[in-house]
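A.B. asks: Following this message is one structure expressed as structure tokens.
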Amino acid sequence: MAMDRLKLLILGGTTEASAVAKALAGDNRVAPILSLAGRTKAPAAPPVPYRVGGFGGPDGLAAYLEAEDIDLLIDATHPFADRIKRNAVAAAAKARVPLLAIRRPQWTPQPGDRWSVVPDMEAAVGALGETPKRVFLTIGQKELAPFRAAPQHHYVIRSVDPPDVSSRPLNAEIITARGPFDEEDERTLLGRHEIEAIVTKNSGGSATQAKLAAARALGIPVVMVARPEHPDAERVETAEAALAWLEERLRGA
Ligand code: NAP
């Protein structure tokens, strides 16, 4: 009976959220709802019921958890989505709903990598230096504005949707693409555009890791923006571990 199903809210927008949702689709012990922020115009069709848009801060999320009778909150948001992570911790406490966070491990430098680790996008701009370069930006569409301050570079920007002209550097080529990407394609792209530096965020995960291996192979320096600090929560590292955690609870229930 639907009433007996464990009601899950999955905060998504990531590979892990999609994997958890896909694995739970058709499982009649659970009733998952996937939540997307609505940043990408045409998100991949979710395999489970979903909702789109913000909740209105931590109190809005807590109210949603209560109104929808959510039994378990899974935070599978992106490592750089730090506001929703804090909201999830606060809302789960307020609504007394258990929270499980999926926190992917960071990428770590391998022998041959030429990384400069910086704390934020402004520092990333500085790390590119004064000399004009051909720069590959794989940082999404929200944080491109700081690069307007360094118009000496030529930028190749890759994002899921084309970034707004008013918030990106003007001397840029735009590539719209959605991962996962493979190493050979990444090498071809870096070579074709004669890229001399890459700016990326330390997202972790396998979907967008190939650019780092390609950069290593080609000796291209990488400006790596470090992650924001994550709030404390019970956590696992992968979608598989989250599913195992859930299975244990379903068996124990
Ligand atoms: P953020 O700064 O942490 O969140 C900003 C606001 O967006 C939140 O306060 C919340 O609004 C709303 N929001 C975020 N994620 C949501 C979700 N899954 N469902 C409903 N509302 C959500 O997040 P962001 O960096 O803008 O990222 C937005 C979404 O894109 C996240 O779901 C994230 O997983 C995904 N994503 C982000 C990145 C990245 O680099 N930041 C990369 C890939 C995917 P209210 O306060 O009104 O609830």
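A.B. asks: Condition test on Asp59, is it out of contact with any strand residue (DSSP E or B) (no Cβ under 8 Å at 6 or more places or on another chain) and acidic (Asp, Glu)?
C.D. replies: Judged against the criteria, Asp59 is a match.
A.B. asks: Could you check the range 9-49 and list, in sequence order, the residues that are more than 16 Å from the ligand (Cβ to nearest atom), small (Gly, Ala, Ser) and touching a helix residue (DSSP H, G or I) at 6+ places or on another chain (Cβ under 6 Å)?
C.D. replies: Within the range 9-49, Ala23 is the sole residue that qualifies.
A.B. asks: Given the criteria more than 19 Å from the chain's Cα centre (by Cα) and among the basic types (Lys, Arg), does Arg39 qualify?
C.D. replies: The answer is no for Arg39.
A.B. asks: Go through (1) more than 27 Å from Tyr64 (Cα to Cα); (2) within 16 Å of the ligand (Cβ to nearest atom); (3) surrounded by 16 or more Cβ atoms within 10 Å (Cβ to Cβ) for Asp120 and report which single condition fails.
C.D. replies: Among (1) more than 27 Å from Tyr64 (Cα to Cα); (2) within 16 Å of the ligand (Cβ to nearest atom); (3) surrounded by 16 or more Cβ atoms within 10 Å (Cβ to Cβ), the lone unmet condition for Asp120 is (3).
A.B. asks: Further question: Looking only at the range 82-105, filter to residues that are surrounded by fewer than 18 Cβ atoms within 10 Å (Cβ to Cβ) and in a loop (DSSP other than H, G, I, E, B); which one of those is nearest to the ligand (Cβ to nearest atom)?
C.D. replies: Pro105
A.B. asks: Right, another one. Hey, Arg114 hits all of (1) within 28 Å of Asp69 (Cα to Cα); (2) of a type outside the set (A, V, I, L, M); (3) touching a Pro at 6+ places or on another chain (Cβ under 8 Å) but one; which does it fall short on?
C.D. replies: (1)
A.B. asks: Separate question: What strands (runs of 3 or more DSSP E) lie completely within the range 110-164 and have 1 or more residues being out of contact with any Cys (no Cβ under 9 Å at 6 or more places or on another chain), under 25 Å from Phe181 (Cα atoms) and without any contact (Cβ under 8 Å) to a residue 12 or more places away in the chain?
C.D. replies: none
A.B. asks: Then there is this: Considering every residue within the range 166-174, establish whether at least one is more than 21 Å from Glu16 (Cα to Cα), without any contact (Cβ under 8 Å) to a residue 40 or more places away in the chain and within 11 Å of the ligand (Cβ to nearest atom).
C.D. replies: no
A.B. asks: So, one more: Which ones in the range 35-49 are within 21 Å of Pro180 (Cβ to Cβ) and part of a strand (DSSP E or B)?
C.D. replies: If the condition is that a residue be within 21 Å of Pro180 (Cβ to Cβ) and part of a strand (DSSP E or B), then Leu36 is the only one that fits.
A.B. asks: Do we find a residue being part of a loop (DSSP other than H, G, I, E, B) and within 16 Å of the ligand (Cβ to nearest atom) anywhere in the range 186-198?
C.D. replies: No, the range 186-198 contains no residue that is part of a loop (DSSP other than H, G, I, E, B) and within 16 Å of the ligand (Cβ to nearest atom).
A short reminder: the numbers here are calculations on the coordinates, not readings from a lab. Since the model is a prediction, treat every value here as computed from it, not as a measurement. Because the Cβ atoms are built from the backbone with ideal geometry, glycine has one as well, and the counts that use them run over all protein chains shown.
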